[in-house]
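Structure first, then comments.
The values are calculated or read from the model by the stated rules, or taken from the named source; none is laboratory data. Computed from a prediction, not measured in an experiment: that's the story for all the values here. Virtual Cβ from ideal backbone geometry, glycine too; neighbours counted across all protein chains shown.
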Ligand SMILES: N[C@@H](CCC(=O)N[C@@H](CS)C(=O)NCC(=O)O)C(=O)O
């Protein structure tokens with residue numbers, strides 16, 4: 001049996017896992033769950049993940065859902081080194097801290113911005129949602145003035161999870177170079193890495209779905 005990832009390329013959390021898989025050079029079977037067709041509610045998928053979200057990983061029958069838990073698991077189990085998710089207690093805590101920031105502040109500021117457009121017929125991202133995104137950018141800029149990457153001076157899974165979210169925000173709201181020079185530099189450094197290629201298809205599909213809805 002193999003490792004399977006249930007994904008939808010437009011979903012940023014799924015793209016975080018795709019990028020970590022690419023960074024680890026793992027062989028994983030990709031199973032597309034088309035959220036636009038509500039395939040996540042199929043009984044077979046709900047048995048694997050009752051919360052009906054992508055990404056969901058099936059490693060020879062061991063099921064993990066929630067992108068942050070999946071990337072932690074993949075590096076712990078399959079990483080040739082622990083660099084992306086260090087085992088040292090303090091370093092790992094710093095990475096976990098940033099993963100919690102990603103899941104509780106950064107990603108929700110994206111989700112809350114796009115929801116009115118996708119689901120409530122809004123034709124622009126509401127100003128207060130843009131303000132939340134800007135607040136997230138300010139946090140990221142502050143983190144990056146302490147260390148070169150979000151959780152340490154080297155790349156970790158925290159950077160990759162944040163990258164999928166920020167690169168999606170950039171579709172409709174650019175990161176200002178003057179206000180956030182460190183964040184802009186971090187983005188361009190990460191986008192030059194080889195694993196970033198697997199993010200591009202999803203960014204394009206998200207753009208194709210989202211931008212025509214704006215006036
Ligand atoms: N915190 C979760 C979020 C996953 C999530 O919300 N995925 C969305 C797509 S971005 C989804 O699958 N939505 C389908 C649904 O809720 O039915 C993670 O990191 O995996």
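The table that follows gives values for the structure above.
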read-out	value
The stretch 44-60 - residue that is more than 14 Å from the ligand (Cβ to nearest atom) and more than 19 Å from residue 18 (Cα to Cα) and, of those, surrounded by the most Cβ atoms within 10 Å (Cβ to Cβ)	47
Residues of the stretch 67-76 that turn out to be free of Cβ contacts under 8 Å to residues at least 40 places away in the same chain and either on the phi > 0 side of the Ramachandran plot or within 10 Å of the ligand (Cβ to nearest atom) (or both), as a count	1
Single unsatisfied condition, residue 35 versus (1) over 20 Å from residue 193 (Cα atoms); (2) out of contact with any strand residue (DSSP E or B) (no Cβ under 9 Å at 6 or more places or on another chain); (3) away from the ligand (no atom under 11 Å from the Cβ)	(3)
Subset of the stretch 170-193 (residues that are assigned to a helix (DSSP H, G or I) and touching a helix residue (DSSP H, G or I) at 6+ places or on another chain (Cβ under 7 Å))	182, 183, 186, 187, 190
Residue within the stretch 77-89 that is within 11 Å of the ligand (Cβ to nearest atom) and either closer than 19 Å to residue 209 by Cα or free of Cβ contacts under 8 Å to residues at least 40 places away in the same chain (or both) present	no
Residue in the stretch 107-117 that is out of contact with any helix residue (DSSP H, G or I) (no Cβ under 9 Å at 6 or more places or on another chain), more than 10 Å from the ligand (Cβ to nearest atom), in the same structural domain as residue 167 (by the TED database) and modelled with pLDDT of 95 or more present	no
Output for the stretch 110-131, where each listed residue is in a helix (DSSP H, G or I) and touching a residue at least 40 places away in the same chain (Cβ under 8 Å)	110, 113, 114, 117, 118, 130
